[in-house]
Every structure is written in structure tokens, then in C-alpha cells.
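To start, the structure under review is shown below, and the notes come after it.
The values are calculated or read from the model by the stated rules, or taken from the named source; none is laboratory data. Owing to the predicted nature of the structure, the values given are computational and were not obtained by experimental measurement. Positions of Cβ are generated from backbone atoms using ideal geometry, with glycine treated the same way; all protein chains shown enter the neighbour counts. For accessibility, only protein heavy atoms count, side chains too; no ligands or nucleic acids. Shrake-Rupley method; radii C 1.70, N 1.55, O 1.52, S 1.80 Å.
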Amino acid sequence: MGFDNPYTNAPPIGRNPLHGILPRKATAEQVIRAMESDVNPFNKQPHKPQYKRLLERRKELPVFGQMSEFLKMFTQNQIVVVVGETGSGKTTQIPQLVCYSDLPHTKGQIVACTQPRRVAAMSVAERVANEMDVSLGKEVGYSIRFEDMNEPGATFLKYMTDHTLLREAMNDPDLKQYSTIILDEAHERTLATDLLMAFLKDLAQRRSDLKLVVMSATLDAHKFQKYLSIAGPSKPAPLFKIHGRTHPVEVFYTQEPEPDYIEAAIRTVLMIHRAEGPGDILLFLTGEEEIEDACRRIKFEADDLANQDPQSIGPLVCIPLYSSLPPQQQQRIFDPAPPSRAPSGPPGRKVVVSTNIAETSLTIDGIVYVVDPGLSQVKVYNPRIRFESLLVSPISKASAQQRAGRAGRTRPGKCFRLYMQKDFETELEEQTHPEILRTNLANAVLELAKLGVKDLIHFDYVDAPAPESLMRALELLNYLAALDDEGNLTPLGAMMADFPLDSQMAKMLIVSPEFNCSDEILTIVAMLSVPSVWRRLPNQQKEADVAKALLTIPDGDHLTLLNVYNSYISNKHDRNWCWNNYLGARALQEAENVRAQLQRTMERYDIELVTTQDERKLWQSIRKALVCGFFMQVAHKEGEKGGYLTVKDNQVVSLHPSCGLDSSPEWVIFNEFILTTKPYIRTVTEVRPEWLLEFAPNYFDLSTFPAGETKRALQSVLKKRTLKAVDGTGTGSVSTRSNKH
Ligand code: CDP
Ligand code: MG
């Protein structure tokens, strides 16, 4: 060894495996030779043994067989659209091929691949780091909101959420460090991916060295091809089509409508476990609680079955998958099914119970059975009452087909749809509605404004949003003083856009020093940005409620969140504190991390962290600061029985059962509107009507109010205020500034 051997493909030891590759002109032969080298071309280390094993598996992916075709198309075009079945190797392989071609590490550049979901970004980055035999967080990294696993200067392949890249573009509109940007899962049509596509289409015309790859799992990519035809209207972007090798999937429907889909889903999973041949099961449900609950019930019943008949029924593991699950637990979906109990006993089975994360963004090998109730949780915005809520809604036909496809990855499979065939054919929409058509656009509009988009109405959207939604967004941002009356970004708006927060939350944080409580508001914002900290397991609800009552501040749930965080910090030495108080330790840790990051953004803008010693005064200041951000989310008590009406929009709502207020105050501010059995408001704090008039005079301009009890109540407050002012007893507005630390 050690000399040039002309008879093998492998490059000689000591020579760079990438030798001979011209940037962006890589051929499949060159790439395969580099991949097969004993030395890792990206860190010059000898490969670990598992590298070759993984490489052999990668070679079986459909993308690998078409490498030459892809590289040619990539070499010859600035923009390429890729379609291929889920599991064909788009997300894991295409970015690697792009790296071999771009050689970003030799130029200090980065190849980015966006994902709509945090879970997918983290999990795929880890997988790809393994496949490339490099360290996660070094050569291959990921960026999601509030978490950066990259090393500047070293990271050359970065998986990131679409929203994170959009935010990067706000501060670097040329995205100079990126050589190629890959928009993955474009078929999901998330708001951020749609906006990025529009932004990158424009950027590609300014930056001829930037390449763009748009990947989709559904086969109707014409829309993207046509949209991305920057070479001229008659020249759609070229399509790279991966020929998947999927197996047939037999689809079954129910004969009757199912009154309870969770019940039906559990029954179906157990039926499969009892009666069908080996193979893992994927069940689609809609949200965390439902999934955890179903896992427990399936496990319980399956253990029972196996105990009764150990000869024919094998062991079963049930693994949940949803976005707020800690990363190590998310990785469990890739664990193999449990072994059979005895050498000749029935084989074990794995059941994954997932939200639609498993529909296209994560591929789980070994799935043979899919159970599909036909529902998913979607964000729905009603511009009339200005509320966004999570609703469990029927999926589209395209989604149903994707779900069924998950059963045919490794061999022929079966999909059990828990609805009738007639409903599939007549009730389901063809495609999932793009998010831009059904969401609150306030944050998007602020981001577009920061990206320099002047004319929001005529912006080149993939699908233009409803004018009413745009108007609502502009109006909200104008009330928050982020946009002026002409729709231009104000300095405050520019600052707000820099916080990775909802605009109302950003506003509240930025103004909080004026109330001497930015230290506390920062904590509250952090707590509102992480998953719920309350741990309320079904068999310990009473104990959990008692523990919660001890931490509750009756003036408002926001204050309770503050109290929980502060107690968590002062009890950090006690490792069991969270557990004993029925609190989620991970969510609290995350809040601590989020808090630290937001604090850094505050420092950049010289927004001081201040507080007040007097607790009563402090609590009042916090509630005032809340009003400055959330004045459009106020409800007024009307009628008997503690019912509330939202201000201006007149939506009837009730306090959510989780609310900790000890009475039902006349005026409240709320963080969330949710629709379950009826409309509820959640995370609620009492406020005073004077504050509404004082801190949001434009919004509470009573001449714009509909007649009604709310208006009358506010009018009488206004009258009292005017009288006081004439008397000279008014206290005026925010003044005290003390106790900085
Ligand atoms: O993006 P696409 O759905 O086309 O496929 P992919 O995510 O690149 O996955 C290709 C294959 O990689 C899957 O079929 C899995 O076998 C494997 N994979 C894995 O084993 N573990 C992961 N975390 C991700 C992918
Ligand atoms: Mg993928």
C-alpha cells in the first residue's frame, strides 16, 4: 500500500478522496469513489467500521441508483425540483450529494436543508452525521428555534426548520454563507416554506451562484416547477423524479362510521396484533395527550392478551411520537421490535403512535400495518373573530394516500382506514390547504416587512393569502405600533421582528422595562414559549392538582407561571423537586434556556432587565405590561354564570378548567383561545379596564366599539377617569423607575 494503484477505484492512501472533483461538476463515479475511500474526505479521519455498513444500506435507496442523473441536473441548473416517495432517500441523501458537488467546506460555505418540523430537523441531522461519519454539531449540524447545534467555520451541512432560515434571511437578506438551499417537504406548504420559496426565487435572480432544490413527497410538483421558472415563463424548473420501489398496500375501510375514533383505533391495533402476521404498526392520532393515553391503553390490553395466550401472542412495545417529546425518546421509534419471549415463540411487535410527523417527514422502517382514523390537528384561523385555534380536522386525500404508503416500505402491507370509503371519496379534500390560507399572518407580515417586502398585496406568493387575513395582520401590527399608518416598518417593529416570538409577546417584552418588570416578563415569555410544565398523569390527577394549587397565584395564570419558574430555580439543588411537584423538568429546563437566549437579544438592543422589590406593586406592573402586548386578547364578564365575551369580536368564551383565578374577575387578558367541547380561554390574568384605556388607546377608542355591555362598562370607566383628572387626583401614567439590577 501507499503507492498509486491504477487498478482499483479507491484513491491511494494519503490523497484527498475528493481529489479531481471540480466544484459543482462532480460526477457519480467521483462521488462514489470518494464515498468508498477509507479516509473520510470531510475530516480526513479513517472511517469507523459502521460507516461502510451504513453505506451499503444507503446504496439500496432509490436515490442512489439515480445519482448520476441528479448530479447532471444539479450541475446544469440553478433550480431543481425533486419528487420521490417517502423513504426514497431525499432528505438524507440529496443534501449529501449536494455537499460532494458544492464542496462547501472548502469555501467556508454551508448547504442548508429546511424541514417544517423541529423533530425532523434534529433527527435527520443526527442520522446524516452518522452516515457521513462526522460529529453532530460539528460538520453536520442543526438549527431550530432556541437551539443551535452548529460550529461556525466547521459546519458545512445544516438541517434547520424553515422558520429559522426565514429569520436568518431577515438579518442577512443575501444569505451569503449558503451555497445551496434545499427546501424539503415543500408539499406540506407550511407558511414559512411558502414564504421562503418566494424569497429564494427572488434571491436566486440576484445571486446567480446560489442553487435551490425544492423537494416534495407528492407527485404533483408542476405547481412548484411552474412557480420557479425563473429562466422564462415557458421554461419550468426541471424535475428530478425518483423512481420509488414501494410495495402494494391493501386498503380497508369501515362499513359504518366510527363514533369514537380512539376506541376504534385501539381495537384495530389489537386486532392486528392478534390476527395478522409479523410486521410493525403505525397508528396516526392527533396530539400528545391522546397519543400518550392510547399508548398506555394499547400496552395494557396487549399485555393482557399475551398473558392469556402466550403461545400465539407475542410481546408488544408501544412508542409515542410527537413534536414536544424529548429527542432521546423520539429516537426510540427507530428501535427494533422486541424479540419473542421464547426461541420458537410468536415474534414481538412494535407499535408507533404518532401525529402526522410520521406521514412524510420521518421514515420508520419495518412498518407493515397502518391504522388511519383520517384526522389530524391543524391550526385554523378565523379572521373574523381573529382567533387561531388547533382543531382536529379530516385530512386530505393526498395525506391519506401518504399514510397508507407508509405500510408498503419493506414489503406488501395493509392500511386500515377508520372511516367509510364513501367518505374518503366524497368528503375529503384533494390536497392539504396551504397554511398561508388558514393562519394568522401577523408574524409573517412582520417578517416580510423586515425582509424588505413593500407591497404585500402584490407579492409573488405561491398562493396568495385572503386579503382579509392580510388586512387583519396589518391592523394588528399597526395597533402594536410595529407598522406605521402607511404600513412601513417602525424601529419598534424592526426590533420586534428580531425576537423569535409572536409579535404581541415581543412587544410586551420590549416595553416591560418601562414598568420595572422586564426580569419577570422575560420569564413569563420564556414559560409561554415552551410546552406546558404541568404534569397531570391520568392516575395522579388529584395529587397533581393539589401540587398545582400550592404554586398558584390567584391574580393570574401568568403570575403563576412566574412563580413556578422562580420556585424551580430556587430548588435546583433538589433533583426531585419537579417530580414531587408534578412539573415537567424538561420543559422547565427549556424555559431556562429560552430565557437565556432571549436575554441575549435584549442585551443587543440595550433593553434593561429590571425589577421592583415590593411584590404587590410588582404583580400589578406585570399585569400592566401584559396589557401592552395582549390588549387585543381581552374578555369581559357578561351575564350570570361566569361567561365571558371577547372584547370587540364578541365571541362567547369560558375560563378553561386549568385556570387558577380564585374568582371570575370582570376583565381578563388571555394568552390562548382553544376550542374543545366549547370555546375556552387559557392562561388568564385579571386586568383593570383603566389600563386598557391607558395603554392601548387606539384599540380602545370607544367610538369604534360596537354597542353593548362592554362598551358601556368602558364608557363609565372613562367617565370616572376624566372626573378624577379634573379633580387632580389622577395618578397619571407609568412613572416609577427604581431598583435596577
Ligand atoms: O426523505 P425521504 O422520505 O425520501 O427519505 P429519507 O428520510 O432520506 O430516508 C431514507 C432512509 O433512511 C429511510 O428509509 C430509513 O431507512 C433511513 N433512515 C433511518 O434509518 N433513520 C433515520 N433517522 C432517517 C432515515
Ligand atoms: Mg424526507
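Quick check: anything in region 436-450 open to solvent by 60 Å² or more (accessible area, probe 1.4 Å) and under 17 Å from residue 381 (Cβ atoms)?
yes
Looking at region 270-279 only, could you name the residues that are open to solvent by less than 50 Å² (accessible area, probe 1.4 Å) and closer than 18 Å to residue 412 by Cα?
272, 273, 276, 277, 279
Can you tell me which residues in region 543-585 are open to solvent by 40 Å² or more (accessible area, probe 1.4 Å), at pLDDT 95 or above and small (Gly, Ala, Ser)?
549, 570
From 259, 233, 248, grab the single residue that is out of contact with any strand residue (DSSP E or B) (no Cβ under 7 Å at 6 or more places or on another chain), at pLDDT below 95 and closer than 14 Å to residue 415 by Cα.
Just one listed residue meets the conditions, 248.
Can you tell me how many residues in region 94-124 are within 30 Å of residue 328 (Cβ to Cβ), in a helix (DSSP H, G or I) and more than 10 Å from ligand 2 (Cβ to nearest atom)?
Applying the first criterion (within 30 Å of residue 328 (Cβ to Cβ)) to region 94-124 yields 94-99, 104-105, 110-124.
Going one step further and asking which of them are in a helix (DSSP H, G or I), we end up with 94-99, 104-105, 118-124.
From what's left, more than 10 Å from ligand 2 (Cβ to nearest atom): 95-99, 104-105, 118-119, 121-123.
Count: 12.
Identify, please: which residue in region 28-47 is open to solvent by 20 Å² or more (accessible area, probe 1.4 Å) and more than 36 Å from the chain's Cα centre (by Cα) and is, among those, nearest to ligand 1 (Cβ to nearest atom)?
36
Looking at (1) touching a helix residue (DSSP H, G or I) at 6+ places or on another chain (Cβ under 8 Å); (2) exposed (fewer than 14 other Cβ atoms within 10 Å of the Cβ); (3) of a type outside the set (S, T, N, Q), which is the only condition residue 320 fails?
Result: residue 320 passes all but (2).
Can you name the residue in region 325-339 that is more than 16 Å from ligand 2 (Cβ to nearest atom) and open to solvent by less than 40 Å² (accessible area, probe 1.4 Å) and is also farthest from residue 118 (Cα to Cα) among such residues?
338
Matching residues to (1) within 15 Å of ligand 1 (Cβ to nearest atom); (2) surrounded by fewer than 19 Cβ atoms within 10 Å (Cβ to Cβ); (3) of a type in the set (A, V, I, L, M); (4) not assigned by the TED database to the domain that holds residue 432:
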{"residue": "180", "(1), (2), (3), (4)": "no, no, no, yes"}
{"residue": "186", "(1), (2), (3), (4)": "yes, no, yes, yes"}
{"residue": "205", "(1), (2), (3), (4)": "no, yes, no, yes"}
{"residue": "235", "(1), (2), (3), (4)": "no, yes, no, yes"}
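Please specify each residue of region 59-79 satisfying the condition of being within 16 Å of ligand 2 (Cβ to nearest atom), under 20 Å from residue 103 (Cβ atoms) and aliphatic (A, V, I, L, M).
Selection gives 63 alone.
Which condition from (1) under 25 Å from residue 159 (Cα atoms); (2) open to solvent by 20 Å² or more (accessible area, probe 1.4 Å) is the one that residue 303 breaks?
Just one mismatch for residue 303, condition (1).
How about region 325-419: which strands (runs of 3 or more DSSP E) wholly inside it have at least 1 residues that are farther than 30 Å from residue 678 by Cα?
Answer list for region 325-419: 349-354, 367-372, 413-417.
Taking residue 476 and the conditions (1) open to solvent by less than 30 Å² (accessible area, probe 1.4 Å); (2) modelled with pLDDT of 95 or more, which numbered condition does it fall short on, given that it satisfies the others?
The single condition residue 476 does not satisfy is (2).
What strands (runs of 3 or more DSSP E), lying completely within region 641-692, carry at least 1 residues that are without any contact (Cβ under 8 Å) to a residue 24 or more places away in the chain and within 15 Å of residue 390 (Cβ to Cβ)?
Correct list: 667-675.
Quick one: how many residues across region 351-368 are open to solvent by 10 Å² or more (accessible area, probe 1.4 Å) and either more than 15 Å from ligand 2 (Cβ to nearest atom) or over 23 Å from the mean Cα position of the chain (by Cα) (or both)?
Counting residues in region 351-368 that are open to solvent by 10 Å² or more (accessible area, probe 1.4 Å) and either more than 15 Å from ligand 2 (Cβ to nearest atom) or over 23 Å from the mean Cα position of the chain (by Cα) (or both) gives 3.
Tally time: how many residues in region 424-480 are among the aliphatic types (A, V, I, L, M) and in a helix (DSSP H, G or I)? I'd like the intermediate steps shown before the answer.
Looking only at region 424-480, we keep the residues that are among the aliphatic types (A, V, I, L, M), and these are 428, 436-437, 441-442, 444-446, 448-449, 451, 453, 456-457, 462, 464, 466, 470-471, 473-474, 476-477, 480.
From what is left, the residues that are in a helix (DSSP H, G or I) are 436-437, 442, 444-446, 448-449, 470-471, 473-474, 476-477.
The total comes to 14.
Can you find even one residue in region 64-78 that is within 19 Å of residue 127 (Cα to Cα) and either in contact (Cβ under 8 Å) with a residue 40 or more places away in the chain or of a type outside the set (Ser, Thr, Tyr) (or both)?
Yes, the conditions are met somewhere in region 64-78.
Being assigned to a helix (DSSP H, G or I), open to solvent by 10 Å² or more (accessible area, probe 1.4 Å) and touching an Asp or Glu at 6+ places or on another chain (Cβ under 9 Å) is the filter here; which residues of region 482-515 pass it?
Residue satisfying the conditions is 513 alone.
In region 48-63, what residues are open to solvent by 30 Å² or more (accessible area, probe 1.4 Å), away from ligand 1 (no atom under 13 Å from the Cβ) and either charged (D, E, K, R) or in contact (Cβ under 8 Å) with a residue 12 or more places away in the chain (or both)?
Our first condition is that a residue be open to solvent by 30 Å² or more (accessible area, probe 1.4 Å); within region 48-63, this holds for 48-50, 52-53, 56-57, 59-61.
Adding the requirement that they be away from ligand 1 (no atom under 13 Å from the Cβ) leaves 48-49, 52.
Hits for region 48-63 are 48, 52.
What number of residues in region 410-455 are under 20 Å from residue 187 (Cβ atoms) and touching a Ser or Thr at 6+ places or on another chain (Cβ under 7 Å)?
Within region 410-455, residues that are under 20 Å from residue 187 (Cβ atoms) and touching a Ser or Thr at 6+ places or on another chain (Cβ under 7 Å) number 6.
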